[in-house]
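J.: One structure, as structure tokens, below. Some questions next.
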Amino acid sequence: MQPTAQNEARPSASPATAVAPLLSVKNIEVVYDEVILVLRGLSIEVPKGAIVALLGANGAGKSTTLKAISGLLRTEDGEVTRGEIVFDGHRIDGITPDKIVRRGIFQVMEGRRIISDMTSLENLRLGAFTRSDREVSRDIEMVYSYFPRLKERTGLAGYLSGGEQQMLAIGRAMMARPKMILMDEPSMGLSPLMVKEVFSIIKQINRDLGVTILLVEQNARAALSVASHGYIMEQGKVVLDGSADDLRDNEDVKEFYLGGAGDQRKSFKNLKSFKRRKRWL
Ligand SMILES: Nc1ncnc2c1ncn2[C@@H]1O[C@H](COP(=O)(O)OP(=O)(O)OP(=O)(O)O)[C@@H](O)[C@H]1O
Ligand SMILES: [Mg+2]
């Protein structure tokens, strides 16, 4: 059947559209040290060109999810023991992190992990380690056009401010020319003003370069301001997902993540919307 003009014009309300998503995480289980079960049947989808937010409290398993995708789990004695991860039509669970980078996924780690005793420029060049083309210098200028202050700071990266280090970490990911960037809490430790700046650049990079982004955040407000879709995790599973607009308006999400509940948080599982969702799972 030919798509009608009306169908084409309709914005996709959910990543589960007819077009295969760029990334599909299907019902994965992750175990650390052969015994600690952390992800318990987690499924998420990220459409090509989208920004998708993965939200949840401390210890929910957000970083573990990103490490399962990038293959970095194995550096921490973790393993995907069930389910599959499909990227761009190919299974990537079980392959090495460097091969996953070559397939086009680059992870910006939590806490930034830039190399502090190298300059910004050296850090950026490191991001291009998989490339053999001659356009690395041009891309460094492109990164500087998004983050002009990185060009001005010629000293060691360890002396950059928190926000500048975050910019450098994102710039280093861009140097790999990835199809997809996984970002782990880019807002961590930044002032509200700096969070705004970094997120606005994340949005620009997504729009200008078409890079797909999976964004892990505790700052739900900032993440939902740039994402089109969001997933909320609790104890190694998705408990709620929806368009960013719907999640922002959802009373439970407001209570849990957008201020309100304070320390009196109950489990998401006891809430009405979770029960509603569970019924038709
Ligand atoms: N290398 C590891 N070995 C054993 N257990 C781990 C390891 N890394 C994480 N865990 C456990 O897995 C669970 C999920 O951790 P993870 O870091 O994925 O959570 P998170 O959602 O990213 O939390 P945060 O918001 O605090 O960063 C936690 O209970 C944690 O203790
Ligand atoms: Mg984490």
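J.: Step by step: first the residues of region 76-91, then only those that are within 20 Å of Gly236 (Cα to Cα) and small (Gly, Ala, Ser), then the one that is nearest to ligand 2 (Cβ to nearest atom). Which residue is that?
T.: Only one residue tops the list, namely Gly78.
J.: Could you tell me which residue of region 175-203 is farthest from ligand 1 (Cβ to nearest atom), considering only residues that are in contact with a strand residue (DSSP E or B) (Cβ under 8 Å, 6 or more places away or on another chain) and part of a helix (DSSP H, G or I)?
T.: Lys203
J.: Moving on. Given the condition in contact with a strand residue (DSSP E or B) (Cβ under 9 Å, 6 or more places away or on another chain) and modelled with pLDDT under 95, answer yes or no: does some residue in region 156-165 qualify?
T.: yes
J.: Restricting attention to region 204-237, and to residues there that are under 26 Å from Glu29 (Cβ atoms) and surrounded by fewer than 20 Cβ atoms within 10 Å (Cβ to Cβ), which single residue is farthest from ligand 1 (Cβ to nearest atom)?
T.: Lys237
J.: For region 37-76, name all the residues that are at pLDDT 95 or above, surrounded by fewer than 16 Cβ atoms within 10 Å (Cβ to Cβ) and within 13 Å of ligand 1 (Cβ to nearest atom).
T.: Hits for region 37-76 are Leu37, Arg40.
J.: Considering only residues of region 99-142 that are of a type in the set (A, V, I, L, M, F, W, C) and touching a Leu at 6+ places or on another chain (Cβ under 6 Å), which is modelled with the lowest pLDDT?
T.: Ile114
J.: Among the residues of region 92-110 satisfying the criterion of being under 21 Å from Gly236 (Cβ atoms) and not hydrophobic (A, V, I, L, M, F, W, C), which is surrounded by the most Cβ atoms within 10 Å (Cβ to Cβ)?
T.: Applying the filter and picking the extreme gives Gln107.
J.: Kindly indicate which of Ser120, Ser116 is among the polar types (S, T, N, Q), crowded, with 20+ Cβ neighbours inside 10 Å, more than 19 Å from the chain's Cα centre (by Cα) and more than 13 Å from ligand 2 (Cβ to nearest atom).
T.: That would be Ser120, the only listed residue that is among the polar types (S, T, N, Q), crowded, with 20+ Cβ neighbours inside 10 Å, more than 19 Å from the chain's Cα centre (by Cα) and more than 13 Å from ligand 2 (Cβ to nearest atom).
J.: Restricting to region 65-75, and then to whatever is within 16 Å of ligand 2 (Cβ to nearest atom) and in contact with a helix residue (DSSP H, G or I) (Cβ under 7 Å, 6 or more places away or on another chain), can you tell me which residue is farthest from Glu34 (Cα to Cα)?
T.: Result: Ser70.
J.: Which of the residues that make up region 21-47 are assigned to a loop (DSSP other than H, G, I, E, B), closer than 21 Å to Val101 by Cα and touching a Gly at 6+ places or on another chain (Cβ under 9 Å)?
T.: The one that is assigned to a loop (DSSP other than H, G, I, E, B), closer than 21 Å to Val101 by Cα and touching a Gly at 6+ places or on another chain (Cβ under 9 Å): Leu22.
J.: Restricting the search to region 143-154, which residues are surrounded by fewer than 17 Cβ atoms within 10 Å (Cβ to Cβ) and either of a type in the set (Val, Ile, Thr) or under 22 Å from the mean Cα position of the chain (by Cα) (or both)?
T.: Of everything in region 143-154, just one residue is surrounded by fewer than 17 Cβ atoms within 10 Å (Cβ to Cβ) and either of a type in the set (Val, Ile, Thr) or under 22 Å from the mean Cα position of the chain (by Cα) (or both), namely Thr154.
J.: Would you call Arg131 within 18 Å of Pro178 (Cα to Cα), outside any strand (DSSP E or B) and away from ligand 2 (no atom under 16 Å from the Cβ)?
T.: Against the criterion (within 18 Å of Pro178 (Cα to Cα), outside any strand (DSSP E or B) and away from ligand 2 (no atom under 16 Å from the Cβ)), Arg131 qualifies.
The values are calculated or read from the model by the stated rules, or taken from the named source; none is laboratory data. Remember, it's a predicted structure, so these values are computed and weren't measured experimentally. A quick note on method: Cβ atoms are made from the backbone with ideal geometry, for glycine too, and the neighbour counts reach across all protein chains shown.
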